[in-house]
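**Student:** Sharing a structure, written as structure tokens. Questions coming.
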Amino acid sequence: MDIYKYLKKDHDKVADLMEQVISTKDLSERQALFETIKLELSLHADTEEKTFYKAIDDATRSKAVEEKVEHANEEHDEIREYLGKLTKTPLTDELWIETFGEFKHSVAHHVEEEEGDIFEKAKKYLSQEEAVQLAKDMDALKKQAKKEMAVSAPAPLPAE
Ligand SMILES: [Fe+2]
Ligand SMILES: [Fe+2]
């Protein structure tokens, strides 16, 4: 698998989870789905920056391409802000689903640009071998981060 397929798989997974948030009326299910989206999307953005975006940045001397990567980074920050806002807003507040709609729109826009513009530029600057290696690197970083989270998570309370 190369980085393009790897990223697309992640994007499709999150898009599907977001659809489920909209279609369910069950708030505890919504909460659980949102927690998964938050984890998946945060890990995706962090590791994508460290592998894919970095590789493009390192490979290009084009100011225009660097600016595209910078713009994509800014969109990641916007996505992180939405995640923070949604975490702070109670799900019972009708503002939550409204904000979620904006957030979903923002993610869809970012993904469209990434799979279009950024992929096109990346394919110009990165070899297929690099693209395969980047998928491995990103996956390894994600697994490492998940392992660290499991270690730092509080131990479950003993059953009564
Ligand atoms: Fe992405
Ligand atoms: Fe991205």
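Readers should treat all values here as calculations from the given coordinates under stated rules, not as data from a laboratory. The model shown is predicted, which means the values in this text are computed figures rather than measured ones. Cβ: placed from backbone, ideal geometry, glycine included. Neighbour counts: every protein chain shown.
**Student:** Could you go through the stretch 91-96 in sequence order and give the Karplus-derived ³J(HN,Hα) for each residue, using 6.51 cos²θ - 1.76 cosθ + 1.60 with θ = phi - 60°, rounded to whole Hz, and x for Gly and Pro?
**Tutor:** Those phi angles translate into 5, 6, 6, 5, 5, 4 Hz.
**Student:** Hey, another quick one. For S42 and M1 in the same chain, what is the full-extension length gain: residue separation times 0.36 nm, less their Cα-Cα distance, in nm?
**Tutor:** 12.6 nm
**Student:** Sticking with the crude label model, points 7 Å out along Cα→Cβ, report the distance from K9 to E66 in nm, one decimal please.
**Tutor:** Spacing of the two 7 Å Cα→Cβ label points: 3.3 nm.
**Student:** Hey, if you put +1 on the Cβ of every Lys and Arg and -1 on every Asp and Glu Cβ in the chain, which of T24, S152, A122 ends up farthest toward the positive end of that dipole?
**Tutor:** Toward the positive end, the furthest listed residue is S152.
**Student:** How large is the charge dipole for the stretch 11-102, taken about the Cα centre, if only the Cβ atoms of Lys, Arg (+1) and Asp, Glu (-1) carry charge, to the nearest 20 debye?
**Tutor:** Result for the stretch 11-102 is approximately 160 debye, rounded to the nearest 20.
**Student:** Of I56, V111, H71, which is farthest towards the positive pole of the stretch 3-136's charge dipole, taken about the Cα centre with +1 and -1 on the beta-carbons of Lys, Arg and Asp, Glu respectively?
**Tutor:** I56
**Student:** Give the angle, between 0 and 90 degrees and rounded to the nearest 10, that separates the Cα long axis of helix 3-23 from the longest principal axis of the Cα atoms of the chain.
**Tutor:** 30 degrees
**Student:** On a 0 to 90° scale, report how tilted helix 128-152 is relative to the longest principal axis of the chain, with both axes built from alpha carbons and the result rounded to the nearest 10.
**Tutor:** 30 degrees
**Student:** With axes computed from alpha carbons, what is the tilt in degrees of helix 27-48 against the longest principal axis of the chain, rounded to the nearest 10 within 0 to 90?
**Tutor:** 20 degrees
**Student:** Counting other Cβ atoms within 10 Å, which GluC sites (Glu not before Pro) in the stretch 16-117 have at most 10 and lie in a DSSP loop?
**Tutor:** In loop regions of the stretch 16-117 (DSSP not H, G, I, E or B), there are no sparsely surrounded GluC sites (Glu not before Pro).
**Student:** Using the crude model of +1 on Lys and Arg Cβ and -1 on Asp and Glu Cβ, and no other charge, please compute the dipole size for the chain relative to its Cα centre, in debye to 20.
**Tutor:** On the way: 24 positive and 38 negative charges, 103 e Å.
That gives the chain a dipole magnitude of about 500 debye.
**Student:** Mind computing the radius of gyration and Dmax over the alpha-carbon atoms of the chain? Å is fine for both.
**Tutor:** For the chain, the Cα-based Rg and Dmax read 17.3, 62 Å.
**Student:** Here's something else I'd like to know. At R0 = 35 Å, how high is the FRET efficiency between E115 and K25 if r is their beta carbon distance? Nearest 0.05 is fine.
**Tutor:** That gives a FRET efficiency of 0.70.
**Student:** Hey, how many Å between the Cα centroid of the stretch 105-160 and the Cα centroid of the stretch 23-56?
**Tutor:** 9 Å
**Student:** Would you order H44, H109 from fewest to most other beta-carbon atoms within 10 Å of each residue's own beta-carbon?
**Tutor:** Values: H44 19, H109 12.
So the residues, fewest neighbours to most, are H109, H44.
**Student:** A further question on this structure: How far, in nm, would the chain grow between A145 and K88 when pulled straight, counting 0.36 nm per residue and subtracting the alpha carbon separation?
**Tutor:** 18.2 nm
**Student:** Counting helices only, and only those DSSP H runs with n ≥ 4, report the 222 nm mean residue ellipticity of the chain as the sum of -39,500 (n - 2.57) divided by its residues, in deg cm²/dmol to the nearest 500. Each step should come with its number before you reach the end.
**Tutor:** On the way: 7 runs with 127 residues, N = 160.
That calculation yields -27000 deg cm²/dmol at 222 nm.
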